[in-house]
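Chemist: Got a structure here, written out as structure tokens. Questions coming.
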Amino acid sequence: MPTTPATARRSAWWRGRTAVIGIPYLWLLVFFLLPFLIVAKISVSEMETVNFKDLLTLKEGVLQLSLKFSNYVFITQDDLYFRAYVASLKYAAITTVLCLAIGYPFAYFMARARPTAQPVLLMLVMLPFWTSFLLRVYAWKGLLSDHGWVAEVLVALGIDQLLAAGGMIATPGKLLNTPFSLVLGMVYTYLPFMILPLYGNLAKMDMRLLEAASDLGATPWVAFWKVTVPLSKAGIIAGSMLVFIPCVGEFVIPELLGGPQTLMIGRVLWDEFFSNNDWPMASSVAVVVVLLILIPLALFNRYQAQAQEAGR
């Protein structure tokens, strides 16, 4: 049967569509699903010195599947892991809320600035990425030390007294290795991840909607809450996910800026892998972390699907 031009175009369209959809799925399969399955396999395996027992064994003609779930049971029974998970979720949530409170006005200002000024403001937001993440965290370590100028300014303004009263620091004047320094470091590090999605969403908003709200008698404040915020909900959710998810498993910032009061799950993972050399236990902790992260991701995907259905 001869191939018509219409059939050739349709075939080319399907090949292009398959490639566009298949390449991202292949990437996720190779760099996410397969490593996760390997970690999940280790979490239910029995460790022998430096090797792991096979899950499937053939002995005397009998195929046996051996899965060890004692690590997961131990996680539910040991208070250390529970406190580490709760602390990770708590500090990640606090960081997300603060990033939203700081980033939304900044993104709103960027989106409403003159078109010629927006590239400059965008560059200023991305400027910290030009410096090593580790160096920036180490810089805060010096700024918040006893003789750091940020610590001296906060002490001179009496802010350390308020932080001590709020339980963010143990004693006035000691700002480093406290929940305050941990949250400050994570907010500073992840703030651009909140600003950029919000700016992309707000910059595309139709300004005629605000004009229509004003014509209908809405004040600027009412128009902001009734029009701008609902239309930027997708940017808020995307920015919150980009901040919350990496904060849950953060290790470097709690290690350098946190203290004994800020034990997070990233530190527990490090100890299990490299101090205790208990890879099955560490893998079990990692699997639970991934499952905790998948919950907000599933909620975000559900919201996106509902928004797309509503927009049709």
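Chemist: Given the -39500 (n - 2.57) contribution per DSSP H run of 4+ residues, what per-residue ellipticity at 222 nm results for the chain, rounded to the nearest 500 deg cm²/dmol? It would help to have the intermediate numbers written out before the result.
Modeler: On the way: 15 runs with 209 residues, N = 312.
One gets -21500 deg cm²/dmol as the mean residue ellipticity at 222 nm.
Chemist: Just to be sure I understand the model, the point goes 7 Å from the Cα along the line to the Cβ. What's the resulting D146 to A93 distance in nm?
Modeler: Here the answer is 3.6 nm between the modelled labels.
Chemist: Evaluate E = 1/(1 + (r/R0)^6) for Q161 and F224, where r is the Cβ-Cβ distance and R0 equals 35 Å; express this FRET efficiency to the nearest 0.05.
Modeler: The computed FRET efficiency comes out at 0.55.
Chemist: May I pose another question? What's the center-to-center distance, using Cα atoms, between the range 40-118 and the range 130-174 in Å?
Modeler: For the range 40-118 versus the range 130-174, the Cα centre distance is 29 Å.
Chemist: With a length cut of 24 Å (Cα positions projected on each helix's long axis) and a Kyte-Doolittle mean of at least 1.0, go through the chain and give me the DSSP H helices that pass. Provide the component values of the computation, followed by the final result.
Modeler: Values: long enough: 5-28 (35 Å, -0.01); 79-112 (49 Å, 0.91); 179-203 (34 Å, 1.30); 279-311 (47 Å, 1.06).
Correct list, ordered by number: 179-203, 279-311.
Chemist: Say a paramagnetic label sat at a point 7 Å from the Cα of L216, along Cα to Cβ; which residues of the range 227-258 have their backbone N under 17 Å from it?
Modeler: Under cut-off, by backbone N: 227-232.
Chemist: Sticking with this one: Could you tell me the relative contact order of the chain? Use alpha-carbon pairs under 8 Å, at least six residues apart, and round to a whole percent. Don't jump to the answer; show the numbers that get you there.
Modeler: Numbers: 306 pairs, mean separation 75.5, N = 312.
Reported as a whole number, the value is 24 percent.
Chemist: A further question on this structure: For Cα pairs less than 8 Å apart in space and 6+ apart in sequence, what is the mean separation divided by the residue count of the range 130-197, i.e. the relative contact order in percent? Can you show the working numbers first?
Modeler: Working: 50 pairs, mean separation 17.1, N = 68.
It comes to 25 percent, rounded to a whole number.
Chemist: Ranked from highest to lowest mean number of other Cβ atoms within 10 Å per residue, what is the order of the peptides 255-264, 213-222?
Modeler: On the way: 255-264: 19.0, 213-222: 11.4.
Descending mean neighbour count gives 255-264, 213-222.
Values quoted throughout were computed directly from the atomic coordinates according to the rules given, and no laboratory measurement underlies them. The shown structure was predicted, so the numbers you read here are calculated from the model rather than taken from an experiment. Note: ideal-geometry Cβ built from the backbone for every residue, glycine included; neighbour counts use all protein chains shown.
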